[in-house]
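Chemist: Sending over a structure as structure tokens; questions will come in a sec.
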Amino acid sequence: MSEETTKVIKNEEEGKSRKREWIKNIAIIFLAVMLVLTFFSNTIMNYSLPQVSTEAVTSGNIKNQVRGKGTIELIDPYNVTVNETRTISSVHVQEGDLVEVGDVIFSLKGEESEELEEARTELKNAETEYLKNILAGNYTPNAGTDVDLASIQKSLATLDAAIQNAENNVVYHENLKAEYERQLKALGEYNNDTSELSKQVAAAQLDVDNKQTAVDNLKTQYKNIYGGDIDEKYIALTEAYNAAVEAGNTPTDEEKMGYDYTKALDNLAKANKTLAEKKYNLEIAGYNTDPNATKKKELNTAITNEEYQILIWEKAQKDAEDNRSEYVKEMTGKIDAAAASEKITALQEKIAKLEKDALGSEITAPVAGKIVSVSKVAGESTEPKETVCVIQMEGKGYRTTISVESKQASTVRVGDEVTIEDYFYYGVTANLVAIQPDKEDPKNKKTLVFDLNGEDLVPGGQISLAVGDMNSYYNLTVPKSALRQDNKGDYILILESKSVPFGTRYLAKRVDVTQIYATDDFSAAIEANVEPWGVYVITNATRPLKVGEQVRLAEEAK
Amino acid sequence: MEENAKKKKLNIPRLVMLATGVLLALLVGIFALVLEAGKKSLTDQTLVNRWSDGKEFAQISLFISPSQYVTNDEIGLYRHEIESGYKTKGMVAAFEPETGNPNLMDAYMATTTMDLKGEYGSKTLDTFCVGGDFFLFHPVRLLSGNYFSEDDLMHDYILLDEEAAWDLFGGTDVAGKKVEWNDMELVVAGIYRRESGEIETLAAGNSEPKVFVSYDLFKYDPAKPAITSYELLAPNPIKNYATDVVNSITVFRMMP
């Protein structure tokens, strides 16, 4: 064999050897990879499975509760109030003290309140003012029930009518007089001007009338007081009067009246004399020849009469006005006196009441109970109608209210068990006593009213309560997180285990929930085709699960 | 002697290929895990699939401007209008045979901030005020406790995220504890773990702790927060049926 042939054969053998080497290597690698995958396949698969946490299905109570927080209030607290302005000298109680009826709560400075002192001063001033006005004639005392608006109005109307009547008559006679004067003027001037004389006659006539009136008044007055006719006695009475005066004695009223009557008669006589003189003068003046003398005389007479009437009615008007003023003054005096009298009476009653209700030197407990609050300290002053202390009466406790939705209120009943959720209210109990419409939103809300009993309750504090039916026992309860839902309805996933070589496999099995009876914060009572023991329900998972999917337990992953 | 020496010498190429193969296998396994993990972030838009395999129902989302000031009063109107819309359309397949009503599910949300106080501390937290079947649409990963619902008797529940629970209570096992807010006590319904998803983009989008409360907490508050999103799961027996019903309703047509 040649060297070349040997070389070729050797190369062919080396080539075959290299191919066999590659195949061997590939086979080894393949087997190694399969070995690795086989060893790690379970681990890889486990890591890809969703982790689940489970809890045992059980039976028990569902606490279907309504919760809320309310403010603690006293039931029917007794507010101790004062009606006086007084200064506190010392405080004898503090919050939490028990008191009986009559126990001293506060000591007060002085004996009388500021209100009583002020009332007494005001009464004294009112009485002084009243007396002053009576002395000044401004008040008509003992007005009684005269002060009547209707009668005053009626009297004023009458007086006003008299004034108006007199005024109308004045105007009437002035108009007549003007007419007569116009007629007189129309007759032409004559040297003999008698108008002045006419006026004098009219004035004299008026004077006579006034004097006569005075005489008549005295006569009437004498008759009313002493009876009889003064004309028969005035002379004697006048003599008696003069004698008394000369003797330095004080004449009697009758004698004085007689003297006045005598003077009045003298005055009347003088007035008559004057009138006669004036008439004569007028008459003489009218004797001068004047073709219209007679007419003028008649007109002058008429004018004189009218002037006289004018004077009469002007006097009547003045008298009526004076009467009205006197009446108004009298009625004003009566009204003011009545008001002042009423004010004095009211002040007297106020003082009597203040004296009756006076606190004296102490404020005592009007009821037995526990002092809940004291709002004054020594040195402070009280105000009328101010609450100085609050007492929780014996037998009365505390109350709180919680506002809830109507739907929530419909799940509770009066008498349901109530739980205090605040740990620091140790020993405190509560009872649901009423379910009322909520005042602020009666359509959508209700108010639950609870009575509270215990030692650590403080009005104004907050308390958390839960109320509801806690006696409902159910055969099958699961955690709420185990409930699931799809378009077929509610269901739970239970853990189904299968033993396999090298371990256990877990599957999520669906169990339909036919009814959910009740739920509370964390549990639900259900009806489902599952035994209430030995079954574990899946509560949480790392991702949504499919029915029948293999899962791993959260503990196993750890 | 030479052959033995050759055998004893390490086959480096073979070792390299062996190591590459093992590495590839591990990478395949990790890739499979990542793929599974990616499924979690899509739960927000898979309700319709979770509810009905996506065949008979449709999920519709409405985003509402705060300036429109929509509150729970308007939600009541929406529900009534949608139900009336379905009854007007009259397709029997859209109605439940037992009740004669369309099987409608909805959810709505508003955002605000709340000053909360727990046993350990106080914090102002971004708050989602939710209503309807919100957690059916947007399930969050509960670590403990449970969701709350519009149908619950009480509406004073709060769902905290882990960080909020730590801030307020110094721990996360706090379901059932009380949180103070505006003279009220809210009951911690559960603790959840925040994960990225659409729910984050619905809110401020920041990484601050967030809590959920029922919108009914503000039912009687004159300054209730404005609802900014409304979602509806409605029967869709034929293509675009649900969309047509919604579009036919005046109050939705008039929304900018």
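Chemist: Looking at the stretch A:510-522, can you tell me whether even one residue there is more than 20 Å from residue B:151 (Cβ to Cβ), in contact with a strand residue (DSSP E or B) (Cβ under 9 Å, 6 or more places away or on another chain) and in a strand (DSSP E or B)? Don't jump to the end; show me each part of the working.
Modeler: Initial filter on the stretch A:510-522 (more than 20 Å from residue B:151 (Cβ to Cβ)): A:510-511.
From the residues that got through so far, the ones that are in contact with a strand residue (DSSP E or B) (Cβ under 9 Å, 6 or more places away or on another chain) too are A:510-511.
Remaining after also requiring in a strand (DSSP E or B): A:510-511.
The answer is yes, given that some residue of the stretch A:510-522 is more than 20 Å from residue B:151 (Cβ to Cβ), in contact with a strand residue (DSSP E or B) (Cβ under 9 Å, 6 or more places away or on another chain) and in a strand (DSSP E or B).
Chemist: Could you grab me the full set of residues in the stretch A:18-54 that are surrounded by 15 or more Cβ atoms within 10 Å (Cβ to Cβ), of a type outside the set (S, T, N, Q) and more than 9 Å from chain B (Cβ to nearest Cβ)?
Modeler: A:52
Chemist: Please enumerate the residues belonging to the stretch A:511-532 that are within 13 Å of chain B (Cβ to nearest Cβ) and of a type in the set (D, E, K, R).
Modeler: Hits for the stretch A:511-532 are A:520, A:521.
Chemist: Here's another thing I want to ask about it. Say whether the condition of being exposed (fewer than 13 other Cβ atoms within 10 Å of the Cβ) and part of a helix (DSSP H, G or I) is met by at least one residue in the stretch A:330-345.
Modeler: First, the residues of the stretch A:330-345 that are exposed (fewer than 13 other Cβ atoms within 10 Å of the Cβ): A:342, A:345.
Filter once more, keeping what is part of a helix (DSSP H, G or I): A:342, A:345.
Taking every residue of the stretch A:330-345 in turn, at least one turns out to be exposed (fewer than 13 other Cβ atoms within 10 Å of the Cβ) and part of a helix (DSSP H, G or I).
Chemist: Could you grab me the full set of residues in the stretch B:162-177 that are within 12 Å of chain A (Cβ to nearest Cβ) and out of contact with any strand residue (DSSP E or B) (no Cβ under 9 Å at 6 or more places or on another chain)?
Modeler: Answer for the stretch B:162-177, where residues must be within 12 Å of chain A (Cβ to nearest Cβ) and out of contact with any strand residue (DSSP E or B) (no Cβ under 9 Å at 6 or more places or on another chain): there is none.
Chemist: Based on this model, can you work out whether residue A:252 counts as under 27 Å from residue A:308 (Cα atoms) and either touching a strand residue (DSSP E or B) at 6+ places or on another chain (Cβ under 9 Å) or without any contact (Cβ under 8 Å) to a residue 24 or more places away in the chain (or both)? Write out each step before concluding.
Modeler: Details: under 27 Å from residue A:308 (Cα atoms): no; either touching a strand residue (DSSP E or B) at 6+ places or on another chain (Cβ under 9 Å) or without any contact (Cβ under 8 Å) to a residue 24 or more places away in the chain (or both): yes.
No, not satisfied.
Chemist: Looking only at the stretch A:486-499, count how many residues are within 11 Å of another protein chain (Cβ to nearest Cβ) and surrounded by 15 or more Cβ atoms within 10 Å (Cβ to Cβ).
Modeler: Number satisfying all stated conditions: 2.
Chemist: Continuing with the same structure: May I ask you to say which residue of A:102, A:70, A:96, A:137 is more than 14 Å from chain B (Cβ to nearest Cβ), closer than 30 Å to residue A:402 by Cα and not β-branched (Val, Ile, Thr)?
Modeler: A:96
Chemist: A further question on this structure: Out of everything in the stretch A:357-385 that is among the polar types (S, T, N, Q) and not in a loop (DSSP other than H, G, I, E, B), what residue ends up being surrounded by the most Cβ atoms within 10 Å (Cβ to Cβ)?
Modeler: Among those residues, the one meeting the criterion is A:373.
Chemist: Considering the stretch A:492-525 alone, what residues qualify as being under 30 Å from residue A:468 (Cβ atoms), of a type outside the set (S, T, N, Q) and in contact with an Asp or Glu (Cβ under 8 Å, 6 or more places away or on another chain)?
Modeler: A:512, A:513, A:516, A:517, listed by residue number.
Chemist: Only residues that are of a type in the set (D, E, K, R) and touching a residue at least 40 places away in the same chain (Cβ under 8 Å): list them for the stretch A:522-555, please.
Modeler: Once the filter is applied, which keeps residues that are of a type in the set (D, E, K, R) and touching a residue at least 40 places away in the same chain (Cβ under 8 Å), the stretch A:522-555 yields A:527, A:531, A:543, A:549, A:552.
Chemist: Being more than 15 Å from residue A:540 (Cβ to Cβ) and among the aliphatic types (A, V, I, L, M) is the filter; apply it to the stretch B:178-197 and report the residue that is surrounded by the most Cβ atoms within 10 Å (Cβ to Cβ).
Modeler: Of everything passing the filter in the stretch B:178-197, B:179 is surrounded by the most Cβ atoms within 10 Å (Cβ to Cβ).
Chemist: Select from the stretch A:531-544 the residues that are assigned to a loop (DSSP other than H, G, I, E, B), crowded, with 19+ Cβ neighbours inside 10 Å and at pLDDT 85 or above and list them in ascending order.
Modeler: A:535 - this is the single residue of the stretch A:531-544 that is assigned to a loop (DSSP other than H, G, I, E, B), crowded, with 19+ Cβ neighbours inside 10 Å and at pLDDT 85 or above.
Chemist: I've got another one for you. Conditions: (1) exposed (fewer than 14 other Cβ atoms within 10 Å of the Cβ); (2) over 29 Å from residue A:403 (Cα atoms). Residue A:483 meets all but one. Number of the miss?
Modeler: (1)
Chemist: Across the stretch A:181-215, which residue is surrounded by the most Cβ atoms within 10 Å (Cβ to Cβ) among those that are in contact with a Leu (Cβ under 7 Å, 6 or more places away or on another chain) and more than 30 Å from residue A:270 (Cβ to Cβ)? It would help to see each step written out before you state the result.
Modeler: Of all residues in the stretch A:181-215, those in contact with a Leu (Cβ under 7 Å, 6 or more places away or on another chain) come to A:183-184, A:194, A:197-198, A:201-202, A:204-206, A:208, A:211-212, A:215.
If we keep only those that are more than 30 Å from residue A:270 (Cβ to Cβ) too, we end up with A:183-184.
Working: A:183: 15, A:184: 21.
My answer is A:184.
Chemist: Something else about it: For the stretch A:268-283, check the following and say yes or no: at least one residue is farther than 22 Å from residue A:209 by Cβ and either modelled with pLDDT under 95 or in the same structural domain as residue A:185 (by TED's automatic domain parsing) (or both). Quick ask: steps written out before the conclusion?
Modeler: Just the residues of the stretch A:268-283 that are farther than 22 Å from residue A:209 by Cβ, to begin with: none.
So far as the stretch A:268-283 goes, no, none of its residues is farther than 22 Å from residue A:209 by Cβ and either modelled with pLDDT under 95 or in the same structural domain as residue A:185 (by TED's automatic domain parsing) (or both).
Chemist: Related question: Does the stretch A:462-474 contain at least one residue that is assigned to a strand (DSSP E or B), of a type in the set (S, T, N, Q) and within 24 Å of residue A:65 (Cβ to Cβ)?
Modeler: Yes; the residues of the stretch A:462-474 include at least one that is assigned to a strand (DSSP E or B), of a type in the set (S, T, N, Q) and within 24 Å of residue A:65 (Cβ to Cβ).
Chemist: Identify, by number, the condition in (1) away from every other protein chain (no Cβ under 14 Å); (2) modelled with pLDDT under 90 that residue A:90 doesn't meet.
Modeler: (2)
Chemist: Now, a different point. I'm checking my understanding of the structure. Among residues of the stretch A:288-328 that are basic (Lys, Arg) and under 60 Å from the mean Cα position of the chain (by Cα), which one is surrounded by the fewest Cβ atoms within 10 Å (Cβ to Cβ)?
Modeler: A:318
Chemist: Okay, moving on. If I filter the stretch B:86-108 for residues that are over 30 Å from residue A:27 (Cα atoms), among the β-branched types (Val, Ile, Thr), at pLDDT below 75 and in the same structural domain as residue B:239 (by TED's automatic domain parsing), do I get at least one hit?
Modeler: Just the residues of the stretch B:86-108 that are over 30 Å from residue A:27 (Cα atoms), to begin with: B:86-108.
With among the β-branched types (Val, Ile, Thr) added as a condition, the list becomes B:88, B:92, B:99.
Now restrict to residues that are at pLDDT below 75: B:92, B:99.
Add one more test, that the residue is in the same structural domain as residue B:239 (by TED's automatic domain parsing), and what stays is B:92, B:99.
The answer is yes; a qualifying residue exists.
Chemist: Would you be able to say whether some residue in the stretch B:112-119 is modelled with pLDDT of 85 or more, touching a Cys at 6+ places or on another chain (Cβ under 8 Å) and away from chain A (no Cβ under 12 Å)?
Modeler: yes
Chemist: While we're looking at this one, here's another question. Look at residue A:76 and say whether it is of a type in the set (D, E, K, R), at pLDDT 90 or above and within 30 Å of residue A:377 (Cβ to Cβ).
Modeler: Details: of a type in the set (D, E, K, R): yes; at pLDDT 90 or above: no; within 30 Å of residue A:377 (Cβ to Cβ): yes.
No: the conditions fail for residue A:76.
Chemist: Determine, yes or no, whether residue A:402 is touching a Leu at 6+ places or on another chain (Cβ under 6 Å) and within 13 Å of chain B (Cβ to nearest Cβ).
Modeler: Numbers: touching a Leu at 6+ places or on another chain (Cβ under 6 Å): yes; within 13 Å of chain B (Cβ to nearest Cβ): yes.
The answer is yes for residue A:402.
Chemist: Ok, one more. Looking at A:449, A:478, A:467, A:388, can you tell me which residue is within 11 Å of chain B (Cβ to nearest Cβ), at pLDDT 90 or above and surrounded by 13 or more Cβ atoms within 10 Å (Cβ to Cβ)?
Modeler: Exactly one residue qualifies, and that residue is A:478.
Chemist: Please state which one of B:159, B:142 is part of a strand (DSSP E or B), aliphatic (A, V, I, L, M), at the interface with chain A (Cβ under 9 Å from one of its Cβ atoms) and touching a residue at least 40 places away in the same chain (Cβ under 8 Å).
Modeler: So the residue among B:159, B:142 that is part of a strand (DSSP E or B), aliphatic (A, V, I, L, M), at the interface with chain A (Cβ under 9 Å from one of its Cβ atoms) and touching a residue at least 40 places away in the same chain (Cβ under 8 Å) is B:142.
The values are calculated or read from the model by the stated rules, or taken from the named source; none is laboratory data. The structure presented is a predicted model; accordingly, all values stated were derived computationally and were not measured. Quick reminder, even Gly has a Cβ in these numbers, built from the backbone with ideal geometry, and neighbours come from all protein chains shown.
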